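Notes for the one structure printed next.
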Amino acid sequence: MLEILADRTYRHLFAAQVVALLGTGLATVALGLLAFDLAGDDAAMVLGTVFFIKMVAYVGIAPIAGAFADRVPRRALLVTLDLVRAGVALCLPFVTEVWQVYVLIFLLQSASAAFTPTFQATIPDVLPEEARYTRALSLSRLAYDLENIASPTLAALLLAVMSYNSLFLGTVVGFAASAVLVVSVLLPSPKPSSPRGVYDRTTRGIRIYLATPRLRGLLALNLAAASAGAMVLVNSVVLVRSTLGLDAAALAWTMFAFGAGSMIAALVLPRILDRVPDRPVMVAGAALMVLTLLSLAADMAALGLEWPFLLAAWLLVGLGYSAVLTPSGRLLRRSAHAEDRPALFAAQFALSHACWLLTYPLSGWLMTQFGPVVALGLLAALAGIGALTALRQWPSGDLDSFEHTHENLPLDHPHLHGARRHAHPFVVDEEHPRWASQL
């Protein structure tokens, strides 16, 4: 897997991702402490609002940014967005009112909503070979998992010698270092797409996404991952501290089990995906999450919650979670021309976070109103619906290239070369506004 780091451009981009993630992790810790300083016992409400603003920015801004990402050089765009994020983070230590936090977080997350899909769409152009790109996806998944472990550890060490406001300076350094790393390499930019209206450009990524069967399946699997992931991320603190009566260290180990499962999957997936298609791997990951949540619910109903069983369950959920999310970039790369990839990655970013916008509050509400057994059961059911929908929407014989007939084009159209029936790698575009079975 690490051999792809021999590519200088990708090595710098991966390093940029890692330092930006570390900076983001420091900001997450510092925001919690800042919210408590500003709001006291209402800090949870402030943080809940912050996460809601984050999701709204992701869902609303990403498609707009993706629509215009091919109009400016990628390197200039990514560096500018990193500098915007660094500037916003630099303002956070000086806020004195809660509303100021909300405004700055919206600006920060809006920049991230534009940065992340553009960054993700750049990697398949840097590493066009599928095997190398698959390993890049696994390294990216590892980076996210390691950030969940490394950032809180680094924050704890820094807080021993400085105030939490200084953590925001670490965030500034992370984004600034990311900008330096991005500007140090030349990035490929696809040829701009043909001129289109604002509405057409803004919705293009989502229209391609929803018109492509494998991507409709991916959206359903995103719902499965968000359902299981929300159970872990939202309710672990209640399960560990309240239900089990354990301390904060036990909570850290519980979250580590989830991250460890995800890391294990990211390490083994490249070799698996070299031999097995994406669909069975991703569906199996979703099924593993569903069965694990149901098993944990049954165990709690019969015997009560035991910490070793919770650790094992979260490890398995992490395995399934990574098995669903890691290959998703491969599907997006296969499903659009290079000039449409930024818009398509932006659509994935927005639609996947829309799933989280549903499951985050649902998970907390179910846990509060009905307890852990019902929360586990209903979130498992929602994840199961996602998995079954994916099986229905994403055909098992999903080919890249196949014969199709064009009744929507005149016979003298340059794309036809005089023959209505032909075969080529199929993606939704101007000549193919619907999937092949509908042309």
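What to note about this one:
- Qualifying position, being assigned to a helix (DSSP H, G or I) and modelled with pLDDT under 80, among ILE64, ILE53, ILE123, ILE105: ILE64
- Every residue from segment 96-108 that is surrounded by 16 or more Cβ atoms within 10 Å (Cβ to Cβ) and under 16 Å from GLY40 (Cβ atoms): VAL98, VAL101
- Residue-level analysis places THR116 among those that are within 21 Å of LEU331 (Cβ to Cβ), among the polar types (S, T, N, Q) and surrounded by fewer than 24 Cβ atoms within 10 Å (Cβ to Cβ).
- Across segment 67-75, not a single residue is classified as at pLDDT below 80, out of contact with any strand residue (DSSP E or B) (no Cβ under 9 Å at 6 or more places or on another chain), within 20 Å of ALA155 (Cα to Cα) and of a type in the set (Gly, Ala, Ser).
- Residue within segment 314-321 that is in the same structural domain as MET255 (by TED's automatic domain parsing) and within 30 Å of VAL427 (Cα to Cα) present: yes
- Filter result (surrounded by fewer than 19 Cβ atoms within 10 Å (Cβ to Cβ) and either among the aliphatic types (A, V, I, L, M) or in contact with a Leu (Cβ under 6 Å, 6 or more places away or on another chain) (or both)) within segment 299-310: ALA301, ALA302, LEU303, LEU305, TRP307
- Given (1) within 25 Å of ARG333 (Cα to Cα); (2) without any contact (Cβ under 8 Å) to a residue 24 or more places away in the chain; (3) of a type in the set (A, V, I, L, M), index of the condition LEU344 fails: (2)
- PRO128 fulfils the conditions (1) part of a helix (DSSP H, G or I); (2) over 21 Å from TYR321 (Cβ atoms) except for a single criterion, (1).
Yes/no matrix, rows are residues, columns are (1) at pLDDT below 85; (2) not hydroxyl-bearing (Ser, Thr, Tyr):
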site: SER363; (1), (2): no, no
site: ALA380; (1), (2): no, yes
site: ILE385; (1), (2): no, yes
site: LEU409; (1), (2): yes, yes
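- Residues in segment 234-287 that are free of Cβ contacts under 8 Å to residues at least 12 places away in the same chain and either assigned to a helix (DSSP H, G or I) or not acidic (Asp, Glu) (or both): ARG241, SER242, GLY245, ALA248, ALA249, VAL268, ARG271, ILE272, ARG275, VAL276, PRO280.
The values are calculated or read from the model by the stated rules, or taken from the named source; none is laboratory data. All figures in this text were calculated on a predicted structure; none of them were measured in a lab. No Cβ is skipped: glycine too gets one built from the backbone with ideal geometry, and neighbour counts run over all protein chains shown.
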